[in-house]
1. If you count, for every residue in B:105-113, the Cβ atoms of partner chains within 10 Å of its Cβ, what is the mean?
2. Taking other Cβ within 10 Å of each residue's Cβ, how do B:Ile64, A:Ile139, A:Ile105 sort, fewest first?
3. What's the tally of Lys pairs in the stretch A:47-255 whose alpha-carbon atoms lie under 24 angstrom apart, where the two lysines are 8 or more places apart or on different chains?
4. Among B:Ile115, A:Ile79, which comes first, second and so on when ranked by fewest other beta-carbon atoms within 10 Å?
5. Across peptide B:41-51, how many C-beta atoms of other chains are within 10 Å of each residue C-beta, on average?
6. Between B:Asn59 and A:Ser109, how high is the FRET efficiency from 1/(1 + (r/R0)^6) when r is the Cβ-Cβ distance and R₀ = 25 Å? Nearest 0.05.
7. Based on the inverse mean of 1/r over its pairs of different Cα atoms, what is the Kirkwood hydrodynamic radius of the stretch B:11-57, in Å?
8. Can you pull the percent of Cα pairs in the stretch A:161-210 with separation above 16 Å?
Amino acid sequence: MCETCGCSIPGHEHPEPADTHTVEVLKGLMSSNDHAAAHNREHFDRSGVLVVNLMSSPGAGKTRLLEQTAAALGDRLNIAVIEGDLETENDAERLRRGGIRAHQITTGSACHLDAHLIHQALHEFPLADQGKPVDVLFIENVGNLVCPAAFDLGQHLNVVLLSTTEGDDKPAKYPVMFRAADLVMLSKCDLLPLLDDFSVDRARSSLEGLGRQTPVIQTAAGRQPDVGAWIEWLEARRAEHSVPRGKEQVAATQTA
Amino acid sequence: MHEMAVCNELLDQVRANAMQHGARSVGAITVRIGALSGVEPDLLERAFTIARAGDYTDNASLVIEPVAVRVRCRTCGNENDAAANRLLCEACGGYAVDLVGGDELLLASIELHGIPDSEPPARHQNAKGQISEGEDSYV
């Protein structure tokens, strides 16, 4: 059927009306979000803060990891957290109880954070605490392995958690999310001896199939925490970030 | 499902363009969506039929040009299409590859109706086509 007039004569064409023009745009479809993200990133860079976007399925252990991270870092780095959840202030309150500065964004029914939400949050959540600048800001994204990957927030690094209670083929199932990762963290590794269906090797080879050499580290943040490799990685990234960065490096982490 | 949010971003940009050119309405909107962009074409189409209601875009249509995933091998230089979750070189089997296509999320062109001036609009939009937000200082 002809889409213009609805008739069923095959092959006929309607000439373009004289006042119709096709404008070539060739611009990113997300330019409004990307514009806000670039603005956030400039603000982060001016404030000298390293921003890490934490993403995973719900329940992979993001909040627990942040609690253990703060405990392991002690006074070495000043951290703060922006929490994203559909509802409740629970995670931010939980972090505050552990002495971590936290700001909660509730997204309602939205399945991801976007750059505008982070921008608004920054108006209410200064990147310094009583004159002491924040070294690392974590954005704990909404638990979801699909949507958050499509929205740049202005972060410098993406960390994706894959817990051992999930399938070890998650990277193959959610390639967009895992390709975006600068680091993949296998969390809840203290449970590995109890699980007969999660193989660290299979998880690694699933990730390798995505064409990136993404580093993988294993953590446990339970009763006997083991976050040493993660803290080492984080402190190394923080140290790199402190020296002036070339534009190329920044661009590389943005598109990652 | 974040396609509704993506669709609203798209329509904001389209409407800003239509307004800038003094158009009466918008016809076909052509977008290029890569298989690794994180956007599902079917869901975007469904979101579009809901989100298009409003100024300029009431009767607009969405044309989606899908873009396949394509990789270039860093070891042997071979280029081939690949599945979204298996980005391997077909020639040598290596997984050290660069993505050369497939993550596009691009507004390619917009058909504008009722432009008052007979002069056709410029083919390429400059940065002024963006929705400007004003510099904000977080005070």
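1. Details: counts 6, 6, 8, 6, 5, 5, 5, 5, 5.
Average neighbour count from other chains, rounded to a whole number: 6.
2. Ascending number of Cβ neighbours within 10 Å: B:Ile64, A:Ile105, A:Ile139.
3. The number of close lysine pairs in the stretch A:47-255 is 5.
4. Fewest-to-most Cβ neighbours within 10 Å comes out as B:Ile115, A:Ile79.
5. On the way: counts 0, 0, 0, 1, 0, 0, 0, 0, 0, 0, 0.
Going residue by residue through B:41-51 and averaging, the value is 0.
6. Efficiency computed from Cβ-Cβ geometry: 0.30.
7. That comes to 11.9 Å for the stretch B:11-57.
8. Working: 372 of 1225 pairs.
Taking all Cα-Cα pairs of the stretch A:161-210, the fraction more than 16 Å apart is 30 percent.
The numbers here are math on the coordinates, done by the rules we state, and not lab data. What you are looking at is a predicted structure, and each value in this text was computed from that prediction instead of being measured. Note that each Cβ is placed from the backbone with ideal geometry, even for glycine, and that neighbours are counted across all protein chains shown.
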